[in-house]
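The values are calculated or read from the model by the stated rules, or taken from the named source; none is laboratory data. Just so it is clear, the model here is predicted, and its values are computed rather than measured. Counting neighbours? That spans all protein chains shown, and the Cβs are built from the backbone with ideal geometry, glycine included.
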Amino acid sequence: MSRSNKFGFAPLDTEATAPRRTRSPGPMGTAVRDAAETLADTTEAKVEQRRQNAEDARNYRMAQDSGRLLVGLPVGNVLTDDLPRDRLALDEVAASDEMEELKSSIRARGQKEPIEVYQADDGSYQLKKGWRRLTALRQLLAETGEDRFAEVIARVENGAADRTLRYVDMVEENVVREDLTFAEMAQVAITAAADPGVPETDPAELVARLYGALHKTKRSYIRSFVFLLTALGDDLKWPKAVARNLGVDVARALKSIEQADALRAQLTACASEEQQAKVLADFVVGQKSGAGAADTEGKSGAAPRQKLEFFVGETKVTARNGELRVVSGIDFANTPKAALEDAIKAFEAALKTGPRIR
């Protein structure tokens, strides 16, 4: 059928006759398109970078708050005068062969384990753990002058902490390594009990808190040394040299203030660790051999003891005239009254039956 109209011509076939027009962008269009694509890519990258920065900031704050953040501090900026050390005779430790071995290791391989510090109220950094590492670095810096020994890697405790827990942290590392003597562990308890920031004032009671990870037998030994150091004071010139069994035996043998005063007078005259050990051993032997005579003298009118202290398991008992003090980990305040009454009745009944034959 013809598509021509009455004038005799058909519509133009524009698709067949008209050339197809290409619309390729010019130089300016290309530049604008490239700039737009680059801007989109840059914006996306910036968004991702901001997200990563926020995540890093959160991780940093979490590490800081939990004390996992390691920082480099000048060795001179770490103070050691706020928390008493858990070692006796620090000068001897600083000049020991073990210190030379530690210095050789740090000189060859650098500091591998961080120390631990906390910020005091005045903003200064105070040492909590790592006295030997800090001392080794300070000695190496003084000996060599090398900058690599001028900085110590430290983990910083953030925020206020229980002061008793700082004592625990201080001794924990050396206790695990079995690097402390019983005298040193006892001295920590005595020092902590005298610290105004620690609520507990009885060093024997602090032993359970400070050394809770140790077996109860070891805690009992530490309490014996607490009693020994308290009774003999500075007259015991070489407490670290006192063997465990000897120290425990002396603590058990000390029954009165008069005995402690007499023993202190003998210890004052000691000029060596060997002499001190002999005086202590002779004291124990003398108390054991004179136990029967002492009982006889007591019956004949000798002056009674003013105070008696001993341990039954982990329970500390202090006996005086008309007074008996029992200290243990049991919460007596929340123990049923009937149970306490039964215990006291059994205690009184045991006393009435007289001493046990051993």
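Could you go through the stretch 153-161 and let me know if any residue there is modelled with pLDDT of 85 or more, farther than 30 Å from Pro74 by Cα and crowded, with 17+ Cβ neighbours inside 10 Å. Within the stretch 153-161 (the criterion being modelled with pLDDT of 85 or more, farther than 30 Å from Pro74 by Cα and crowded, with 17+ Cβ neighbours inside 10 Å), the answer is no, since none of the residues qualifies.
Every residue in the stretch 213-246 that is buried (at least 17 other Cβ atoms within 10 Å of the Cβ) and not in a helix (DSSP H, G or I), please. The answer is Leu214, Leu236, Trp238, Val242.
Just checking, does the stretch 255-262 include any residue being surrounded by 17 or more Cβ atoms within 10 Å (Cβ to Cβ) and either under 30 Å from the mean Cα position of the chain (by Cα) or among the charged types (D, E, K, R) (or both)? Yes, because at least one residue in the stretch 255-262 is surrounded by 17 or more Cβ atoms within 10 Å (Cβ to Cβ) and either under 30 Å from the mean Cα position of the chain (by Cα) or among the charged types (D, E, K, R) (or both). Per the listing Leu140, Leu90, the residue uniquely touching an Asp or Glu at 6+ places or on another chain (Cβ under 8 Å) and either touching a residue at least 24 places away in the same chain (Cβ under 8 Å) or closer than 23 Å to Ala63 by Cβ (or both) is Leu140. Out of all the residues in the stretch 85-105, which are among the hydrophobic types (A, V, I, L, M, F, W, C) and within 11 Å of Thr135 (Cβ to Cβ)? Hits for the stretch 85-105 are Leu90, Val93, Ala94, Ala95, Met99, Leu102. Restricting attention to the stretch 170-181, does a residue exist that is modelled with pLDDT of 90 or more and either more than 17 Å from Asn77 (Cβ to Cβ) or surrounded by fewer than 21 Cβ atoms within 10 Å (Cβ to Cβ) (or both)? For the stretch 170-181, residues modelled with pLDDT of 90 or more and either more than 17 Å from Asn77 (Cβ to Cβ) or surrounded by fewer than 21 Cβ atoms within 10 Å (Cβ to Cβ) (or both): absent. Taken together, the criteria exclude Val207 from residues that are at pLDDT below 90 and either closer than 15 Å to Lys218 by Cα or assigned to a loop (DSSP other than H, G, I, E, B) (or both).
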